[in-house]
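Asks: The following block contains the structure, expressed as C-alpha cells.
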Amino acid sequence: KDVIKLGLTCLENTKYVHMLGKHNRQTRGSLWCPMLLQRSSYPEYLYIYKNLDFCRSLLDTEDELSSIRWDSVPMDVKEWLTGTFARKKEAYRLQPDEITSFRSISYALENGVVVERQFRTATTSMGTAYKLEVIQAMKMIDRWDFNVFTLDEAAEGHCLKFMMCEIFAKYELLKRFQIPITILISFAKALEAGYSKHKNPYHNSLHAADVTQTVHAIMIHTGMLQWFSDLEILAIFFSSIIHDYEHTGTTNHFHIETRSKAALLYNDRSVLENHHLSAAFRLLQDKDTNILGYLYIDMYMSELIGKDSSGTHKDKIMSFLVHIADISHPAKPWELHHRWSEALLEEFFEQGDKEAEMGLPISSLCDRKTTNIAESQIGEAHLKGGRQSLFPPHTLFTSDIRSKTTIRTKNDSLFLR
C-alpha cells in the first residue's frame, strides 16, 4: 500500500516538474522521478502505471491520493513515464552545477514524501536506529517552535548527537563530503563531552542542538536553503554545532578580569570565541573524530571567502545566520523562552557568586540578590546586540518578521506579570 501511495504521489507531484521551466523535458523528468523511484523497483511502478484505477481503489477512501486522475497528468510527463518504464533502469546522478539550483525541489520531494514515512519507522534516512520517542520528537524538526528539551529527554541527554546525525543526513552531507557515520558519531560524542565539561546551565550541548535546529528552520522557511552551496551549508552547520564548545559558563569580561589562561593566550581578544574554535579544531587532529578528513581546504577556500554574482559577502551572511539562531529564543514560544531564560540567568548568577568570592565587582545581571528578572529579560536583546539585530527588515526574514516580533512582545509582557 505504501508503494502504491508513493507511486501515485510521484504522478501527482508534477507541479514540481513545471517549476523547472527552463530545462528540457528529459531533464525535468529525470530529476524528480528517480528521487522517488529509488525507494522501490521499476516493475512495481510499471504495474501502478498500467493499473492506475485498480491501485487507486486499494487506498482508503479518505486518502487524498485516491482522487488522483491519470488524465490530470500533463502529456509530456506521461510520455516520459512511458519511455522510462519501458527501458532498462539507468542510474541518474545530478551534475555538480545542478545540485544547488535544484535543492529546494529535491528537499520538498524527499522531505514531503519520503522522510515523513521514515519518521514512522525505527530508522532514519541513514539507517541508524532511533528510539520511538526520538522519532516522535524529530517529526517537528522543521518547525520554528521545535522543542529541543523534549528531544533531549527522549535521547537521554544526547540530543546534540541525534541532531547532528539527522541534519547531516537530511542535507546529504555525509555522502557529499564522504563523512563516515562512525566518525560523525565519535565527533558528536566528543563535542557533548566538551559541552558538559563545566556543567553549564545554559551554554551546553542542549543549546548547541537548539541553535543547529534553528538554523535549519530558518534556511528552509526563508528560501536560503537553495542559495547556499553544499560546502557553505556544511560550514554553517559546523559553526552552529561548535560555536560554544567548552564554554566556561563565564563571560569574556570575567576571563579578562581574572587573567585566566585563555585570556592570556588570546591577549584579551574574543577570548571565548577563540577558545571554542581552537578546541573544536583540536578534535579534528584525531582521525577518529575528524569529520573534515576528506575535505581539501585549499580547493574550497575561494568559494567560502569569495563573493557571489551579486557582490554579497556570503561569509558575513552565514555568520549572521548562526548569530540570529544563537539569540533566537526570545522570539520562540513562551514555554521555550522562559525555560532558556531561567537557565541563562542561573549561569549569570553562578558567575556573580564566583566574583563575590574573589572580591571582584559583580557584573551586570550576575547578582542574584538584586537582579530584576523581568527587566533583565526585556532588555536581553539589547544586551546581546540590540533588539533590531534580532530580525532586521533588510534580510530574507522580512516576510516572517511580524509574527516573530509579536511573539517577542508577548514574551516581554509575560515576564512583567
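Asks: Take the residue pairs K197/K261; K131/K161; K139/K170; K261/K354; K131/K170; K170/K332 and return only those whose Cα atoms are more than 20 Å apart.
Replies: Pairs exceeding the cut-off: K170/K332.
Asks: At R0 = 41 Å, how high is the FRET efficiency between Y296 and E357 if r is their beta carbon distance? Nearest 0.05 is fine.
Replies: Details: r = 49 Å, r/R0 = 1.21.
Efficiency, from the Cβ-Cβ distance: 0.25.
Asks: Using 0.36 nm times the number of residues separating K189 and N372, minus their current alpha carbon distance, what extension gain do you get?
Replies: Full extension from K189 to N372 adds 62.1 nm.
Asks: Can you list the residues of the range 143-163 with backbone N under 18 Å from a point 7 Å past the Cα of S196, pointing along Cα to Cβ?
Replies: So the set is 148-163.
Asks: Test of understanding: what is the full-extension gain from T182 to S364, defined as 0.36 nm times their sequence separation minus their Cα-Cα distance? Mind showing how you got there, number by number?
Replies: On the way: separation 182, 0.36 × 182 = 65.52 nm, distance 4.38 nm.
Stretched fully, the T182-S364 segment lengthens by 61.1 nm.
The numbers here are math on the coordinates, done by the rules we state, and not lab data. As the structure is a prediction and not an experimental result, all values here were calculated from the model. Positions of Cβ are backbone-derived with ideal geometry, glycine not excepted, and every protein chain shown enters the neighbour counts.
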